[in-house]
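Presented below is the structure to which this report refers.
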Amino acid sequence: VAGDPGSEARLTRAATALADELRVDYLELRDRELRHPGWPVKDLYVGFRKAICADHDENLKAIPRKQRAMVRKGMGAGLQVRHDGSIAEFYRVYAESVRNLGTPVLSRHYYTRLQQAFGEDCEVSVVTHQGQPVAAVMSFYFRDEVHPYYGGSVARGRDLAANDFMYWAVMQRAAERGARLFDYGRSKQDSGSYHFKKHWGFEPQPLPYAYYLVRARTVPNISPTNSRYRLFIEAWKRLPLPVSCALGPWLARDLG
C-alpha cells in the first residue's frame, strides 16, 4: 500500500482502533517519511539504502577506499563464504555476536520459522576461516532489494575483517540474484553500526517513527542508549554464552 494515501489512512485507522481496543501502552508506526503530523515522533534511527549494479568491479569501486581495504583484508585472510548456511551455524555465531553487544537473542526456533516462511527469499550466508564459522547473516529478498537483516561475527572474526568480507559477499550474491538495491537496515544515530555503514559510502536517511499513545503519557525510551539499561547491558556481555542463549529468548519477547 506504499504510496496509496487512501490505503495508508485505512490501515492507520484500523491499527489505532486495535490499539485502543487492546488498551496497549502505545502504537509505534515505522515509516521512511513523516506521515502522521501532530503525533509524537522519535528521531533515534536512520536507514541506509543504496543502489548496486550487476558489475562486481563497479560495486567494489563504489566502496570508499578505506572500507575497500577492509574487504580486501578479509579476502587476504583466506575467508570463504557459503550462501546455503544452516540455522545451526547462523545461530551459534549470531547469538555470540549479540551477547557481546549486551543484547538478548531471540530463540533459535524464531529464525527457523523465518526461513521456512520466506523460503527462497531468505538466505543464510556463513563466512568461515579454516573451516570454522566466524560470521553469519540472514538476508531477505523483496522485489529487487536485498535486506541483510540479522548478522554478526564472533570475537576472532574482527581481526579477520569477517563482517566486512561478509557484507561484500552478500552484495555480490545479491547482484547475481538480480537485486538492484542494497538495504543495510536501520541503525541508531552515532552508534557503531551507524559509522560502519557510513564507511561503506551509504548516506543515512531519517526514519521518523510516530507514536499513538494509548495508556502511555510520553514516548517510550527502551533503547539501549537509555542510561537505565547501562548496567544490565554490561552484565549481559559477561554472561557465558549458554546462559545468554537460555535466558535471552525469554527476555527478548518483551523488547521493542
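None of the figures in this text is laboratory data; all of them are computed from the coordinates on show. The structure displayed is predicted, hence computed values, not measured ones. Positions of Cβ are backbone-derived with ideal geometry, glycine not excepted, and every protein chain shown enters the neighbour counts.
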Original post:
Along the charge dipole of region 1-125, which of Ala51, Pro40, Pro64 sits closest to the positive end, that is, farthest toward it, with unit charges on the beta carbon of Lys, Arg, Asp and Glu (+1, +1, -1, -1)?
Top reply: Pro64
Original post:
Along region 203-212, what does the Karplus equation 6.51 cos²θ - 1.76 cosθ + 1.60 (θ = phi - 60°) give for ³J(HN,Hα), rounded to whole Hz, x for Gly and Pro?
Top reply: 9, x, 10, x, 10, x, 6, 9, 10, 9
**OP:** Rank Ala14, Ala88, Ala135 by mean-square fluctuation in a GNM of the chain with C-alpha springs under 10 angstrom and give only the top-ranked residue.
**Re:** Ala14
**OP:** Under 1.5 on a/c is rounded, so check that first for region 64-103, then, if it is not, pick prolate when a/b is larger than b/c and oblate when it is not; a ≥ b ≥ c are the square roots of the alpha carbon gyration tensor eigenvalues.
**Re:** oblate
Original post:
What are the ³J(HN,Hα) values, in whole Hz, obtained from phi via the Karplus relation 6.51 cos²θ - 1.76 cosθ + 1.60 with θ = phi - 60°, for each residue of region 23-32 in sequence order, with x given for Gly and Pro?
Top reply: 6, 6, 5, 6, 10, 9, 10, 9, 10, 8
Original post:
Looking at the square roots a ≥ b ≥ c of the eigenvalues of the Cα gyration tensor of region 187-251, which shape do they give, rounded for a/c under 1.5, prolate if a/b is larger than b/c, or oblate?
Top reply: oblate
Subject >> Stokes-Einstein D for region 91-199, Kirkwood Rh over Cα pairs, 20 °C, 1.002 mPa s (µm²/s) >> reply: 148
**OP:** Mind giving me the nanometre distance, one decimal, between the label points for Ala252 and Asp55, set 7 Å out from Cα along Cα→Cβ?
**Re:** 4.1
Original post:
Given labels modelled 7 Å from the Cα in the Cβ direction, how far is it in nm from Gln80 to Arg230?
Top reply: 4.5
Subject >> Prolate/oblate/rounded call for region 128-252, Cα gyration tensor, a/c under 1.5 rounded >> reply: oblate
**OP:** Counting helices only, and only those DSSP H runs with n ≥ 4, report the 222 nm mean residue ellipticity of the chain as the sum of -39,500 (n - 2.57) divided by its residues, in deg cm²/dmol to the nearest 500.
**Re:** -12500 deg cm²/dmol
Subject >> Reach of Lys61 by Cα under 29 Å, taken over lysines that are not fewer than 8 positions away in the same chain >> reply: Lys50, Lys73, Lys188, Lys197, Lys198
Subject >> From the coordinates shown, Cα extents along the principal axes in Å corresponds to which of [x] 68, 37, 32; [y] 71, 43, 38; [z] 55, 43, 35 >> reply: [z]
**OP:** State, to one decimal in nm², a quarter of the convex hull surface area for the C-alpha atoms of region 171-214, i.e. the direction-averaged projected area.
**Re:** 4.8
Original post:
Any idea what the dipole of the chain comes to, in debye rounded to 20, about its Cα centre with Lys/Arg Cβ at +1 and Asp/Glu Cβ at -1?
Top reply: 800
Original post:
Tell me, in nm to one decimal, what length is gained between Ala216 and Glu176 on full extension, where the rule is 0.36 nm per residue of separation less the Cα-Cα distance?
Top reply: 9.7 nm
